[in-house]
Amino acid sequence: MGKEAFNSFVTAQFQFDRTAEWLGLDLPTRELLRSPLKEHQFLIPLRMDDGSVRVFRGFRVLHNDARGPGKGGIRFHPHETIDTIRALAMWMTWKCALLDIPLGGSSGGVACDPHYLTLREQEQLCRSWVKRLVHELGPQVDVPAPDIMTGAQHMLWMLDEYESLRGEKVPGFITGKPVGMGGSVGRLEAAGFGLVFALREALKELDMSADGATASVQGFGNVAQHAVRLFEQIGGRVVCVSCWDQKDAVSYAYKKEPSIEVQALAGITDRFGGIDKEKAAKMGYDVLPGEAWLSQDVDILIPAAVENQITEENVQVIHRRVRVIAEGANGPTTVGADRTIGERGILVIPDILANAGGVTCSYFEQVQSNMNYYWEKDEVLGKLDVKMTSAFNDVLEFAKKKNLPMRNAAFSIAVARVAQACKDRGWV
Ligand code: GLU
């Protein structure tokens with residue numbers, strides 16, 4: 001096979017076509033679901049702090065809302081493209097359906113690098129993004145949330161802008177808000193914790209104990225940090241994490257035996273998940289080339305950074321000891337690499353399942369915001385555990401019954417639910 005093309009939307013459509021074929025979907029349903037229902041792409045001129053003007057590109061894509069209002073993150077990333085957003089929106093549709101949440105799928109963002117934007121500039125970008133989309137968003141229409149390089153503060157600026165444009169309070173407009181300002185306790189931890197709930201079930205299935213199990217992680221942002229924390233709490237050891245280094249414009253892996261110290265590492269990490277290389281070296285970490293995370297002699301790999309990281313070119317370096325891959329990122333594994341991983345018998349907890357804790361808790365947050373009544377943390381995390389565990393077991397059971405890889409099983413369940421919703425509405 002030749003060099004793979006790393007276009008996430010091509011991957012997402014390939015996954016969909018394969019599933020549609022397997023499910024025997026009719027042609028109109030295939031046509032409806034293989035592309036987004038609606039796309040918005042626009043320019044945002046921004047007055048910078050130094051008085052100059054720069055023009056940024058903004059996006060919002062609604063893939064499908066047959067099961068409920070669109071739901072999905074807003075990413076600030078310099079390499080953002082409409083195709084990445086299309087893929088993310090489609091994956092959100094499947095994710096919500098798989099977790100059986102009454103929401104559709106969407107995604108959005110701004111092509112920008114917040115490392116080089118002041119807080120005021122970021123605030124203006126958030127407000128302009130909402131101004132351009134005010135008629136396309138809303139608690140019953142499409143509900144944004146954080147994603148890579150956006151967080152609670154961005155959500156609050158966006159909420160504030162939306163509410164001032166509407167002239168009313170609409171706390172269910174957006175999720176991932178700060179706790180105390182309409183946010184839900186547990187939302188920050190949810191994606192990482194949800195991943196570990198699913199991982200715990202996978203280990204049970206493989207007759208492996210979490211106690212003493214080892215893992216290597218790509219990324220050290222919100223998903224990765226919380227996954228590492230909970231994984232350690234259930235007895236696991238993380239020996240390596242890798243992340244992007246903004247200064248050198250490459251990534252590095254940080255390795256320490258018997259395990260990394262998550263608290264101390266988080267203390268030398270910026271708000272975008274970048275670890276301070278010099279400080280880490282002083283703390284006794286081996287600083288290795290970024291790709292070293294993938295070749296570690298561990299039981300579990302957790303790609304929790306960005307898409308297209310495990311490819312046909314590097315999949316061979318995965319150590320023979322690896323038994324589980326839990327995809328914290330969206331789309332971290334290319335189609336070619338996925339084939340090889342399947343042949344090696346590694347259990348994959350696919351992205352639309354492994355990282356679904358984030359949107360599941362977003363749904364809980366929206367419910368709380370709409371009621372204006374907030375739950376305790378134990379209640380939120382308890383409900384999250386129930387949702388993740390039952391979705392994991394649904395996928396596992398389906399995979400066994402139909403003799404399918406976990407990814408194909410997850411997609412089949414999700415796509416079938418969405419196709420059914422479209423049919424029930426009389427769309428196709
Ligand atoms: N951006 C996150 C994801 O990809 C969360 C989306 C949400 O909470 O709506 O799942």
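The values are calculated or read from the model by the stated rules, or taken from the named source; none is laboratory data. None of these values were measured; they are calculated from a predicted model. Here Cβ is always computed from backbone atoms with ideal geometry, including for glycine, and neighbour counts include all displayed protein chains. Side chains are part of the model used for accessible areas, which takes the heavy atoms of the whole protein and leaves out ligands, DNA and RNA. Shrake-Rupley method; radii C 1.70, N 1.55, O 1.52, S 1.80 Å.
Worth a mention:
- Complete set of residues in segment 97-114 that are within 12 Å of the ligand (Cβ to nearest atom) and either open to solvent by 10 Å² or more (accessible area, probe 1.4 Å) or within 15 Å of V141 (Cβ to Cβ) (or both): L103, G104, G105, S106, S107, G108
- Some residue of segment 311-323 being on the phi < 0 side of the Ramachandran plot, within 15 Å of the ligand (Cβ to nearest atom) and at pLDDT 95 or above: no
- Matching residues in segment 197-211 - criterion: being among the acidic types (D, E) and either under 18 Å from R237 (Cβ atoms) or touching a residue at least 12 places away in the same chain (Cβ under 8 Å) (or both): E201, E205, D211
- Complete set of residues in segment 110-122 that are more than 23 Å from the chain's Cα centre (by Cα) and of a type in the set (D, E): E121
- Considering residues of segment 266-287 that are assigned to a strand (DSSP E or B) and among the aliphatic types (A, V, I, L, M) only, the residue surrounded by the fewest Cβ atoms within 10 Å (Cβ to Cβ): V287
- Under the condition of being over 25 Å from L203 (Cβ atoms) and in contact (Cβ under 8 Å) with a residue 24 or more places away in the chain, the residues counted in segment 248-269 number 5.
This table checks each residue for (1) in contact with a Gly (Cβ under 7 Å, 6 or more places away or on another chain); (2) of a type outside the set (V, I, T); (3) within 13 Å of the ligand (Cβ to nearest atom); (4) touching a residue at least 60 places away in the same chain (Cβ under 8 Å).
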position: R60; (1), (2), (3), (4): yes, yes, yes, yes
position: N64; (1), (2), (3), (4): yes, yes, no, yes
position: P69; (1), (2), (3), (4): yes, yes, yes, yes
position: I74; (1), (2), (3), (4): yes, no, yes, yes
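- Residue pairs whose Cβ atoms lie under 8 Å apart, sitting 6 or more positions apart in sequence or on different chains, and linking a residue in segment 353-364 that is more than 22 Å from L396 (Cα to Cα) to a partner that is basic (K, R) and open to solvent by less than 10 Å² (accessible area, probe 1.4 Å), are S362/K71; Y363/K71.
- When residues of segment 385-424 are limited to those that are of a type in the set (V, I, T) and over 19 Å from W91 (Cα atoms), the one least open to solvent (accessible area, probe 1.4 Å): T389
- Only a single criterion out of (1) surrounded by fewer than 23 Cβ atoms within 10 Å (Cβ to Cβ); (2) within 12 Å of the ligand (Cβ to nearest atom) is not satisfied by R187, namely (1).
- K402 closer than 26 Å to V335 by Cα and at pLDDT 95 or above: yes
- Whether a residue is within 16 Å of the ligand (Cβ to nearest atom), over 22 Å from Q122 (Cβ atoms) and part of a loop (DSSP other than H, G, I, E, B) was assessed, and R86 does not pass this test.
- Selection count, segment 122-152, where residues are open to solvent by 10 Å² or more (accessible area, probe 1.4 Å) and more than 16 Å from the ligand (Cβ to nearest atom): 8
- In segment 331-384, residue farthest from T175 (Cα to Cα) [restricted to those that are open to solvent by 10 Å² or more (accessible area, probe 1.4 Å) and among the acidic types (D, E)]: E343
Condition check ((1) in a helix (DSSP H, G or I); (2) more than 24 Å from G357 (Cα to Cα); (3) modelled with pLDDT of 95 or more) across all residues:
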{"position": "Q122", "(1), (2), (3)": "yes, yes, yes"}
{"position": "E136", "(1), (2), (3)": "no, yes, yes"}
{"position": "M158", "(1), (2), (3)": "yes, no, yes"}
{"position": "E161", "(1), (2), (3)": "yes, yes, yes"}
